[in-house]
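*Asks:* The structure's right below; bear with me while I get my questions together.
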Amino acid sequence: MPHATKPNPLFDLTGRTALVTGSSRGLGRAIAEGLGDAGAKLVINGRKADTLKQAADEMRAKGYDVLEAVFDVALEKEVEAAFERFDAEGTQIDILVNNAGIQHRQPMVELKLADWQRVIDTNLTASFLLGREAAKRMIARGHGKVINIGSLTSELARRTVIPYTVAKGGVRLLTKGMAAEWAEHGIQANAIGPGYMVTDMNEALLSDEKFDAWVKSRTPAGRWGQPDELVGAAVFLASPASNYVNGQMIYVDGGMLSVL
Ligand code: GCO
């Protein structure tokens, strides 16, 4: 058996540019760095210029090739303007990771329409807006990778997070819809469904003793996931290794969805 002397080209992202939304921290930051480690140039995104710049500086210090794109993923005009800027600068988005997400925890009978709408806009509609703008350009080039970030709530509901559940359920079928329309153009649209991960967004859950114990007992792996544990799935779905994989959702959840 010949021994591999260099990384498998199936997983090589050299020459590709990846836009990861919501990537100044958390899952988006880990995914961005993971794609960078596989050779991709990175465009990181967030709503706050100073926070994004700080993340970009830290990443550059570690050797990543990073551009910053400040815009709100939920606002159509801002998304369109961002892609027009990429065109003008000659930045070609080969890989889009729709990661930006927010949470709002409240029982449904108390929930205000504005909070429902905000969560749906950021966690679902944004993936449509970014997907549309990216895919228009990918179709013209005949290749591209779209990776949407779902959740365990893409499959199952949990009390107090219904708008998030609805949005993430939508992400699962939006991914299939993207595959239905774009696969013939050489674009692969797929999704990752993270389990319970150690992030700032989950701080309230992590510090809740009962919830923490529930996650550990309910997850076959017996623990929460770390953000960089999503990197393997992200690199796979961003790389030539997944060129005939379309409309799938890969759960990276320590086995949680597989058991009662
Ligand atoms: C929450 C949510 C999520 C979970 C995710 C697991 O209350 O914030 O349940 O953030 O971590 O849905 O996939």
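*Asks:* When the helix-only estimate is applied to the chain (DSSP H runs of n ≥ 4, each -39,500 (n - 2.57), divided by the residue count), what is the mean residue ellipticity at 222 nm, nearest 500 deg cm²/dmol?
*Replies:* -12500 deg cm²/dmol
*Asks:* Once amide H atoms are built 1.01 Å from N in the peptide plane, which residues 5 or more positions from Val97, or in another chain, come under 5 Å H to H?
*Replies:* Amide H neighbours of Val97, under 5 Å, 5+ apart: Leu19, Val20, Thr21, Ile147.
*Asks:* Just the accessible area per residue of the stretch 36-84, please: how many Å² with a 1.4 Å probe?
*Replies:* Value returned for the stretch 36-84: 53 Å² of accessible area per residue.
*Asks:* For the stretch 127-260, calculate the relative contact order in percent as a whole number, restricting contacts to Cα pairs under 8 Å that are 6 or more residues apart.
*Replies:* Computed over the stretch 127-260, the figure is 30 percent.
*Asks:* If Lys and Arg each add +1 and Asp and Glu each add -1, what is the summed charge of the other residues whose beta carbon sits under 12 Å from the beta carbon of Thr165?
*Replies:* Taking every Cβ under 12 Å from that of Thr165, the sum is +4.
*Asks:* While we're on this one: Picking from Ala191, Ala221, Leu237, whose Cα lies most toward the positive end of the charge dipole for the chain (charges on Cβ: Lys, Arg +1; Asp, Glu -1)?
*Replies:* In the chain, that residue is Ala221.
*Asks:* Share of Cα-Cα pairs in the chain beyond 35 Å, in percent?
*Replies:* 12 percent
*Asks:* Determine the distance separating the Cα centre of the stretch 5-59 from the Cα centre of the stretch 151-208; give it in Å without decimals.
*Replies:* So the separation of the two Cα centres works out to 20 Å.
*Asks:* Note the per residue figure in Å³ for the convex hull of the C-alpha positions in the stretch 1-62.
*Replies:* Looking at the stretch 1-62, the number lands at 93 Å³ per residue.
*Asks:* Applying a 10 Å radius around every beta-carbon, put 227-233, 216-222 in order of their mean neighbour count, most first.
*Replies:* 227-233, 216-222
*Asks:* Please compare each pair in Lys112/Lys216; Lys41/Lys145; Lys77/Lys136; Lys41/Lys136; Lys62/Lys145 to a cut-off of 23 Å on the Cα-Cα distance and tell me which ones are over it.
*Replies:* Where the Cα-Cα span goes over 23 Å, the pairs concerned are Lys112/Lys216; Lys62/Lys145.
The values are calculated or read from the model by the stated rules, or taken from the named source; none is laboratory data. This structure is a prediction, so every number in the text was calculated from the model and none was measured. Glycine gets a Cβ as well: all are built from the backbone with ideal geometry, and neighbour counts include every protein chain shown. Note: areas computed on protein heavy atoms with side chains; ligands, DNA, RNA excluded. Shrake-Rupley method; radii C 1.70, N 1.55, O 1.52, S 1.80 Å.
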